[in-house]
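Below: the structure, in structure tokens.
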Amino acid sequence: MSTGIIEKIQTLKKQRNAVILAHNYQPGDIQDIADFTGDSLALSVQASQTDADVIVFCGVLFMAETAAILSPEKTVLLPEKGAGCPMADMINVQQLQELKNKHPEAHVICYVNSTAEVKALSDYCCTSGNALELVQTLPKDREIIFVPDKNLGGFIVERTEREMILWPGYCSSHMLIVPADIEAARKAHPNALVLAHPECNPDVRALADELLSTGGMLKLAETSDVNEFVIATENGIIHSLQKQNPDKRFYPATEKAICPNMKKISLEKVVWALEDMQYQITVSEPVCSRAKRSLDRMLEVLPS
Ligand code: 13P
Ligand code: SF4
């Protein structure tokens, strides 16, 4: 890794009074230069609390949009404008409005992996880190619509025994993990604990020992007596798991579990972002205020 480019980023960061936030799925060199790495929930908390003037968001569009909604007075930069999330684009406002018209009394929860417009049309937002806690705060006599991830939604239904109306969206990167991968990994590493993300398919979830957000995986790996783990989520997280637990072993369930959008950010693009103040992510009114309402509700339910 070039030290020159890292020094350049540090200098530009000071000049701009910027903070660099990176998701756990980012390339390792990006995680290493970030001021803060975390899961979607922890990054949202950071974005809402930072004193910096500029937030460089190393992640995908919905994450930068979330930061812009939570801190509208700050400049939020996404170093690669084409870094989107296919799952977030699997439902649009028209589709959500039609669903709401069919179930006018239902509470609407959207996964944070959604567009600002969909958040604005929802009552609550959640991440995989607080979805269970959030659903448990809702009255049992009201229907719940959950969009866009059918897998996170299915996981909530299994754990809370609450019926929900699920939108058929999914994460194309987590779909690449199949049951045969878990079976093979268990054979190869019989002492390992299998940690899977709730975005995995139900047949993969059924084979896991624990279903956790990426932040939850990091917490468990650190506190557990177990020394080996099979990781069924996007493989970027192996970098932080290994860095935080140098004496433990982490095996990806499959090398295929890569999110191409998360990997679009590079050190060079972070330099260009800070030099040219690009690409600025803003969310206009009234969408911003409406989406902030569901995000504020998300931030009220932080897991212990
Ligand atoms: P978390 O890091 O919140 O578990 O999110 C997973 C994800 O797919 C983000 O795009
Ligand atoms: Fe979207 Fe999946 Fe990539 Fe997360 S890992 S940004 S859900 S495509």
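Summary table below
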item: C-alpha center-to-center spacing [the range 1-41, the range 115-166] in angstrom; result: 32
item: The range 147-264, dipole about Cα centre (Lys/Arg Cβ +1, Asp/Glu Cβ -1), debye to the nearest 20; result: 340
item: At R0 = 35 Å, FRET efficiency that the Cβ-Cβ distance of R142 and K219 yields, to 0.05; result: 0.65
item: The range 198-225-the range 58-113 distance, computed between alpha-carbon centres (Å); result: 24
item: Positive-pole candidate from L267, L138, T50, dipole of the chain, charges at beta carbon; result: L267
item: Point-charge dipole on Cβ atoms (K/R +1, D/E -1) for the range 22-167, about Cα centre, debye to 20; result: 380
item: Share antiparallel - DSSP beta bridges, the range 172-304, percent rounded to 5; result: 0
item: For the range 4-98, radius of gyration divided by Kirkwood radius, i.e. Rg to Rh on alpha-carbons; result: 1.01
item: The chain, dipole about Cα centre (Lys/Arg Cβ +1, Asp/Glu Cβ -1), debye to the nearest 20; result: 240
item: Expected-Rg normalisation [2.2 N^0.38 Å, Cα atoms] applied to the range 1-60; result: 1.09
item: Gyration tensor verdict on the chain (Cα atoms; rounded if a/c is under 1.5, prolate if a/b is larger than b/c, oblate otherwise); result: oblate
item: GNM flexibility winner over the chain from A188, A196, A22 (Cα, springs under 10 Å); result: A188
item: Global geometry of the range 145-285, whether rounded, prolate or oblate, following the gyration tensor of its Cα atoms and the 1.5 cut on a/c; result: oblate
item: Within a Gaussian network of the chain (alpha carbon springs, distance under 10 Å), most fluctuating of N130, N113, N24; result: N130
item: Dipole of the range 138-206 [Lys/Arg +1, Asp/Glu -1 at C-beta], most positive-end residue of G153, W167, P190; result: P190
item: All-pairs Cα distance distribution in the range 120-218, expressed in whole percent, bin size 5 Å; result: 2, 12, 22, 24, 17, 11, 6, 3, 1, 0
item: Cα shape, the range 238-304, gyration tensor, a/c 1.5 rule; result: oblate
item: Longest site-free stretch - the chain; sites: GluC sites (Glu not before Pro), DSSP loop, at most 13 other Cβ within 10 Å; result: 164-254
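Coordinate-derived values only; no laboratory data. Computed from a predicted structure; not experimentally measured. As a convention, Cβ positions derive from the backbone with ideal geometry for all residues, glycine included, and neighbour counts pool all protein chains shown.
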